[in-house]
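The values are calculated or read from the model by the stated rules, or taken from the named source; none is laboratory data. As the structure is a prediction and not an experimental result, all values here were calculated from the model. Here the Cβ is made from the backbone with ideal geometry for all residues, glycine too, and neighbour counts use every protein chain on show. Ligands, DNA and RNA are stripped out before the accessible areas are found, and what is left, the full protein with its side chains, is counted by its heavy atoms. Shrake-Rupley method; radii C 1.70, N 1.55, O 1.52, S 1.80 Å.
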Amino acid sequence: LLDNGTLHVDGDVVAYSSTVSDKRLKDNVFTITSALDKVTKLRGVEYIWNNGARKGQSDIGFIAQEVEEVIPQIVREHTIPFLDGEDDTTYKTVDYEKVTALLIEAVKEQSDIIEKLEKRIKNLEKGSNN
């Protein structure tokens, strides 16, 4: 546990938690726009860890520097002191839980597109039956 309140654990943490999300703690709230565009710009990757407790293990996720280009507000920098062979070094991290809100809005955008296309198809089918 660092002085700034950041907890670093060399391995998985199993815990039960809630993220504070009360509207009384938020100002300037607006719906995410162009969510589908943002999602399509993200690149999900498969990779092998090259350091730390998971060295050699296969995993999936994002590259923080790439996410930062699309959604900078979910990328943070943290000093991670436990990686093998390195002093305290600053690394970029991704708040993966926040991708959920983006995905939900992207699905809604896709639903709107699908609905419009379905209506267009029905109108075209009606026109060809005449």
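By the rule of a C-alpha distance below 29 Å, with chain neighbours fewer than 8 residues away ignored, the lysines paired with Lys38 are Lys23, Lys26, Lys92, Lys98, Lys108, Lys116, Lys119. Would you work out the Kirkwood radius for region 24-130? I mean one over the mean of 1/r across all pairs of different Cα atoms, in Å. About 17.4 Å for region 24-130. Between Val45 and Val13, the modelled labels are 2.4 nm apart [label points 7 Å from Cα along Cα→Cβ]. Within the listed set Ser34, Ser21, Ser58, the Gaussian network model of the chain (springs between alpha-carbon atoms below 10 Å) gives the highest mean-square fluctuation for Ser21.
Give the angle, between 0 and 90 degrees and rounded to the nearest 10, that separates the Cα long axis of helix 99-128 from the longest principal axis of the Cα atoms of the chain. Roughly 20 degrees, rounded to the nearest 10. Dividing the summed -39500 (n - 2.57) terms of all DSSP H runs of n ≥ 4 by the residue count of the chain sets its mean residue ellipticity at 222 nm at -11000 deg cm²/dmol.
If the viscosity is 1.002 mPa s and the temperature 20 °C, what Stokes-Einstein diffusion coefficient in µm²/s follows for region 1-66 when Rh is the Kirkwood radius over Cα pairs? The Stokes-Einstein estimate is 132 µm²/s.
Calculate, for the chain, the solvent-accessible area per residue in square angstrom, rolling a 1.4 angstrom probe over the heavy atoms of the protein chains. In whole numbers, the chain has 83 Å² accessible per residue.
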